[in-house]
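The values are calculated or read from the model by the stated rules, or taken from the named source; none is laboratory data. All of these numbers come straight from a predicted model, not from anything done at the bench. For neighbour counting, all protein chains shown are included, and Cβ atoms are generated from backbone atoms with ideal geometry for every residue, glycine included. Accessible surface areas use protein heavy atoms only, side chains included; no ligands, DNA or RNA. Shrake-Rupley method; radii C 1.70, N 1.55, O 1.52, S 1.80 Å.
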There are 2 protein chains.
Amino acid sequence: MPKHPGPRDERGVLAARILSAARDEFAEHGWAGTAIRAVARSAEVDPALIYHYFGSKEGLLDAATTPPQKWLDSVTQTWATPKAELGERLIRNVLEIWADEDVGSVLRAVVLTAAHETTTRDKLRLIVERGLIGESTLGDDEDERLRRSGLISSQLIGFALLRYVWKIEPIASMSDDEVVAALGPNLQRYVDGDIAPN
Amino acid sequence: MPKHPGPRDERGVLAARILSAARDEFAEHGWAGTAIRAVARSAEVDPALIYHYFGSKEGLLDAATTPPQKWLDSVTQTWATPKAELGERLIRNVLEIWADEDVGSVLRAVVLTAAHETTTRDKLRLIVERGLIGESTLGDDEDERLRRSGLISSQLIGFALLRYVWKIEPIASMSDDEVVAALGPNLQRYVDGDIAPN
């Protein structure tokens, strides 16, 4: 158990171990219920190392719930898909993202921590608004763009919760192809279908 | 501030006040972080009254996260709607349910508490499986019925989270008619559309 910061090349490994433990603790016990000491014990590091790396409990929470750059890159790439294929592409992106342990663990922690921690709820709102809604180029004007993106988010987030966080069957064990066939056309309607009242 | 159980006709009023306070506390602080004393203070009753009414902290959580009978009745009624109108009826039911403070406050508490409390997560799973999925008469066999109902749940839960719990715009302020026009046809496809891979 290291009692002080390791050499430079150890830092990445230790930081990742701390963040992984922090995600579990925050998701399970919330902001108020999580102690740096408990995170340190679970990560098998000295509490001082957590302060050294992340400055404070606030800094630790922030780092633990910030999605990796590769998630943002994959979202950007998804939104560059031709509009006619976007419905299918959006759900395939969700399947790929959550299958990637680095990204899936952060998204899971954000959703669970958001339930009882205001800062994280704001971050979740930002992830949805910037990450999902912000990148989109849907609709004829800003209002329609935000509405279509919000509807897409509502379906993707509900699906991710049932499949990955709450693990409700049979959603949790549908094959990727079954998921794409089921959700793709519904997402496509939010992309370019008629969604306004008559 | 009553120091002991009131007469029989006061019980409903006091119990409702205690449950309302408990929902806020559990949702905010989680199971471990919630003290009966804090609930009593917020409800302006003596802690002994809470034990008298609900037996234990477990009993209090159970009562605070059990949806009222009128919710179950409304779900039963919804599923009795002719299949061709079910998509629209399902989303109208969600709009009505959440507008009813008695029901909306319980559903909100269940979703938020479920994030960090295993018992409540099981209850949420039950609400989805029995309340939403269990009542349904969709599809040709049990497997298809569960799949279609699960897809419907994924859309309705994601929508309710964005609109009522996280209050993400513009979903939070769309009119009821806009919501029905946007979500109804998508839900209808999950009810009786083609959702299988080619």
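Quick notes
- Of the residues making up segment B:16-41, just one is β-branched (V, I, T) and within 14 Å of chain A (Cβ to nearest Cβ), namely B:T34.
- Filtering segment B:37-56 to residues that are within 18 Å of B:V13 (Cα to Cα) and either open to solvent by less than 20 Å² (accessible area, probe 1.4 Å) or among the charged types (D, E, K, R) (or both) leaves B:V39, B:A40, B:R41, B:A43, B:E44, B:V45, B:D46, B:L49, B:I50.
- Looking across segment B:142-163, the residues that are open to solvent by less than 10 Å² (accessible area, probe 1.4 Å) and under 20 Å from A:S175 (Cβ atoms) come down to B:S149, B:G150, B:L151, B:I152, B:S153, B:S154, B:Q155.
- Residue selected from segment B:20-36 under the condition surrounded by 15 or more Cβ atoms within 10 Å (Cβ to Cβ) and aliphatic (A, V, I, L, M), by the criterion farthest from the chain's Cα centre (by Cα): B:I36
- Residue list for segment A:57-98, restricted to those being hydroxyl-bearing (S, T, Y) and either open to solvent by 40 Å² or more (accessible area, probe 1.4 Å) or under 18 Å from the mean Cα position of the chain (by Cα) (or both): A:T65, A:T66, A:S74, A:T76, A:T78
- Any hit, segment B:150-163, residues being more than 9 Å from chain A (Cβ to nearest Cβ) and of a type outside the set (F, W, Y): yes
- One residue stands out in segment B:164-189 among those that are at the interface with another protein chain (Cβ under 8 Å from one of its Cβ atoms) and touching a residue at least 60 places away in the same chain (Cβ under 8 Å): the one that is surrounded by the fewest Cβ atoms within 10 Å (Cβ to Cβ), namely B:P185.
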